[in-house]
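Visitor: After the structure tokens below, expect a handful of questions from me.
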Amino acid sequence: MSHTHEAGWAHAPGALRGPAWLREPSDPNALVPQLWSHHAEKRDGVLTLAGVPAGSIAVEHGTPAYVLDEDDFRARARAFRDGFAGYDVYYAGKAFLCTAVARWIAEEGLHLDVCSGGELTVAERAGFPMERVGFHGNNKSLGELERAVTLGVGRIIVDSFDEIDRLAAVTHELGRDAAVMVRVTAGVEAHTHEYIATAHEDQKFGFSINAGDAFEAVLRVLAAPGLRLQGLHSHIGSQIFDTSGFEVAARRVLALHERVATELDVVMPEMDLGGGFGIAYTTQDEPAEPAILAAGITRIVEQECRGRGIAVPQLSVEPGRAIVGPSVCTLYSVGTVKPVTLDAGAVRTYVSVDGGMSDNIRTALYDADYSCTLASRASQAPPVLGRVVGKHCEAGDIVVKDEFVPGDIAAGDLLAVPGTGAYCRSMASNYNHALRPPVIAVRDGVARVIVRRETEDDLLATDVGDER
Ligand code: LLP
């Protein structure tokens, strides 16, 4: 039997079609390459990751598991490093960070963006060169600032007047100075294919350029003897596919950069344009190569600087998702399959897996789209429209809202969800006392644990009981 769209089986009365962009797979036993890490392939229907069959990962390490293609991760890191040649490229650790990944980032010559004391600790444990670390956060504690200054992190991105005062006091007390970037709000917010260039000042991050707060922050940093002003920092959003939002932001940030130079006679050496570069979660997304993004951003910055008669500052960017997102897939075991008949008589096949919103909150939180594939065997059964759900006590516990799955999918099958490297493990929770899954690195036919699975003892480690 043919499994193509033309074959007609999907047009049975009442058949569910899913969202308009969703296409039935032309070959259910193949992968859609742009959704997967470079070393993922299907051999006779079996998903192999860097030469390791999904089944053997499941047997050896259990499911659910995040599987991280190390060479793919390193290649994407290098693509940003080389694509943004001349820039400092900071990997945004909030997307996913562990000591192994911090080491890989160091080895590939990138910088690291951390945004909490915890992430700073991971960098420290990994022996990450502190002068290549940037420290973010809109409410860093006194303790976090003291540690950052003591460790000598390369730059601290300040985000409030309170913080400038606090950091000035810390540097004074410790008798050390700190390199500082001022996080500004450029009035641009970009998400996916759109950007909005007005009225996005109503949020917690940054000093408004428009309202004059950013200029005032610059003055206060300059007035603090222990603070060295490195430049301005702007981050406009996430999952962005073109450079138009960056261009508008860069113009506005450069206008302030110039104002500081002309009015205060201070030439800030650096400027950071943040992260947010998009990846393909489904076939509807078409991300650009880092070099293409870089060319667009560089062109506008150079043009703008030329027009203003100022030198181009040392530029930096902070990609997180675009480096780690596509390098990881989550491997689940199917536990139950339940066809549910909807009002119109159409059937949606609910496929329950052994994880869910505790290992991927993005679907529930952001209405994010994902894809999936049967990972453990070939199937000739006509696809049906499925919904992959987790095992948590919540109806919104959905991993993949809509995807075609083989009609014979059954308990015991392995299912893999691509594109889960960013903001899945890092936002994982213990909801329902779930054990957070391990991260298994695969490379050259070998799988190894870089973050182990939690145990019930881990879960109870902080539960000290009530020993009154
Ligand atoms: N730099 C700054 C200052 C940021 O705030 C962020 C992300 C990044 C860089 C990295 O952005 P990326 O290249 O990874 O898009 N949890 C959300 C994403 C939150 C992003 C927060 N900031 C999600 O799962 O989509």
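Visitor: Relative contact order, percent, of the chain when contacts are C-alpha pairs under 8 Å separated by at least 6 residues?
Guide: Normalised by residue count, the contact order of the chain is 20 percent.
Visitor: Using a cut-off of 13 Å between beta-carbons, work out the net charge of the residues near Ile236 (Lys and Arg +1, Asp and Glu -1, Ile236 not included).
Guide: -4
Visitor: Identify all aspartates and glutamates with a Cα-Cα distance to Lys94 below 14 Å; exclude those on the same chain that are fewer than 8 residues away in sequence.
Guide: Candidates past the 8-residue exclusion: Asp113, Glu119, Glu318.
Visitor: Taking 8 Å as the Cα distance limit and 6 or more residues as the minimum spacing, I'd like the relative contact order of the range 411-468 as a percentage.
Guide: Rounded, it is 23 percent for the range 411-468.
Visitor: Taking the Cα atoms only, what angle lies between the long axis of helix 161-174 and the longest principal axis of the chain, rounded to 10 degrees?
Guide: On a 0 to 90 degree scale, this one is about 70.
Visitor: Over every pair of different alpha-carbon atoms in the chain, take the mean of 1/r and invert it; report that Kirkwood radius in Å.
Guide: Value: 23.7 Å, from the Cα pair sum.
Visitor: Assuming R0 = 41 Å, what is the FRET efficiency of Leu142 and Glu201, from their Cβ-Cβ distance, to the nearest 0.05?
Guide: Efficiency at R0 = 41 Å is approximately 0.90.
Visitor: Tell me what the chain gives for mean residue ellipticity at 222 nm when only DSSP H runs of n ≥ 4 count, each as -39,500 (n - 2.57), the sum divided by the residue total, rounded to 500 deg cm²/dmol.
Guide: Calculated mean residue ellipticity at 222 nm is -8500 deg cm²/dmol.
Visitor: Right, another one. In whole Å and largest first, what semi-axes does the C-alpha gyration tensor of the range 328-468 yield when each eigenvalue is scaled by 5 and square-rooted?
Guide: For the range 328-468, the semi-axes come out at 28, 20, 13 Å.
Visitor: Taking only protein heavy atoms into account and a 1.4 Å probe, give the accessible area per residue of the chain in Å².
Guide: Ligands and nucleic acids excluded, the figure is 42 Å² per residue.
Visitor: Could you give the nm distance between label points at Asp44 and Thr121, where each point is 7 Å from its Cα heading toward the beta carbon?
Guide: Once both label points are built, they end up 4.7 nm from each other.
Visitor: How large is the convex hull of the Cα atoms of the range 70-325 per residue, expressed in Å³ as a whole number?
Guide: Once divided by residue count, the hull of the range 70-325 is 112 Å³.
Visitor: Taking the alpha-carbon distance from Lys401 and a cut-off under 17 Å, which aspartates and glutamates remain once sequence neighbours fewer than 8 residues away in the same chain are dropped?
Guide: Once the sequence-local aspartates and glutamates are set aside, what remains near Lys401 is Glu24, Asp285, Asp354, Asp359, Asp367, Asp369.
Visitor: Another question, then. How long is the gain from Ser426 to Ala85 if the chain were fully straight, where each residue apart is worth 0.36 nm and the alpha carbon distance is subtracted?
Guide: 119.9 nm
Visitor: Within the range 70-325, what percent of beta bridges assigned by DSSP are antiparallel, to the nearest 5?
Guide: On the way: 3 of 34 bridges.
Taking every DSSP beta bridge within the range 70-325, about 10 percent pair in antiparallel fashion.
Visitor: Could I ask something else about it? Using a 1.4 Å probe over the heavy atoms of the protein chains, calculate the carbon and sulfur portion of the accessible area of the chain as a whole percent.
Guide: Values: 9850 of 19600 Å².
Here carbon and sulfur together make up 50 percent of the probe-accessible area.
Visitor: Cα-based Rg (one decimal) and Dmax (whole number) for the range 389-462, in Å?
Guide: For the range 389-462, the Cα radius of gyration and maximum Cα-Cα distance read 14.9, 44 Å.
The values are calculated or read from the model by the stated rules, or taken from the named source; none is laboratory data. Keep in mind the model is a prediction, meaning the values are calculated, not measured. No Cβ is skipped: glycine too gets one built from the backbone with ideal geometry, and neighbour counts run over all protein chains shown. The accessibility values were calculated without ligands, DNA or RNA, using every heavy atom of the protein model including side chains. Shrake-Rupley method; radii C 1.70, N 1.55, O 1.52, S 1.80 Å.
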